[in-house]
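The values are calculated or read from the model by the stated rules, or taken from the named source; none is laboratory data. In this text, all values refer to a predicted model and were calculated from it rather than measured experimentally. Note: ideal-geometry Cβ built from the backbone for every residue, glycine included; neighbour counts use all protein chains shown.
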Amino acid sequence: MSMNFKAGDELTPFVIESVSPDAMRDWSVFLADPNPIHLDVEVVKAKGLGDKRINQGPINVAYMMNMLMAAVPGSRIESMNSRFLDNVYEGDHLTATGTVTSVDGNRLTCEIKLDVAGRGTVNSGVATLII
Amino acid sequence: MDDFPPAPDVAGTSLDGTKVFTISAEENAALCRSTGVEPAADGTAHPIYYYIATQVAMGKTVAGVCETCEFDVDDGPMMGSSGVKFADPLMVGESYKVTGEIVSLVRKQSRKLGVMDVLTYRLRLHPEAGGDALLETDNVWVLPRKELAG
């Protein structure tokens, strides 16, 4: 993709075909967080939170970071802020997208979001990249 | 709203850590691949380590932060938002330590969740050897207060 970004440009999406419960198990170690809603379907059911394991929130942020880094090669994230709007579950098909809102010198600011196929936006926010 | 007791006064509680967090090449690679990408070739770690390193090496566990807020972690704290400002990228093989504090705990009435406390805490990641922070992050959690539900 050209580095000549301008406001309104859509960044190349980043797709996760199917959220993996194996990754959740790995992340419970990375985060030193053994919360069973990420590991045990029976616990999720018992808590009335559905019938699938729930992805750790920071993984969803990482997907949006992956989108940014792939769409703007050579850039680095200077700031990012996003809101958690809904859960992501094992097996969900996800698409992270971004839209450039401004370019100021070597700073590119964009709106970002993470959508679940058939269920809508689960995470949204703003990021600024140094390009 | 005025019928509820105020949220515990916890603003200013230190979250300075004593642990050292080192980003290993092996774990960074596994983490990157678990999110669908290969690790960077230039030695930078995945930027999501802003969250992981600060959470793991802060001075309290998530359960401990909840306890400070007089909230049982088993009652289901929910992430509201997470923000970060980087001064420098995180590097594989480097070791870091954390400073931070609880910024606020605000009791609110939510149509969807009933009474809840909104917890904001701020963490900074520094080189183990000391010096300016590489990043600062604000995390916001929602603590549903089922016991105060009407």
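What to note about this one:
- Of residues in region B:88-130 being part of a loop (DSSP other than H, G, I, E, B) and in contact (Cβ under 8 Å) with a residue 40 or more places away in the chain, the one nearest to B:ASP9 (Cα to Cα): B:GLU128
- Some residue of region B:27-34 being touching a Lys or Arg at 6+ places or on another chain (Cβ under 9 Å), farther than 18 Å from A:ASN60 by Cβ and either away from chain A (no Cβ under 14 Å) or at pLDDT 95 or above (or both): no
- Only one of the listed residues (B:ALA40, B:ALA63) is aliphatic (A, V, I, L, M), assigned to a loop (DSSP other than H, G, I, E, B) and at the interface with another protein chain (Cβ under 10 Å from one of its Cβ atoms). That residue is B:ALA40.
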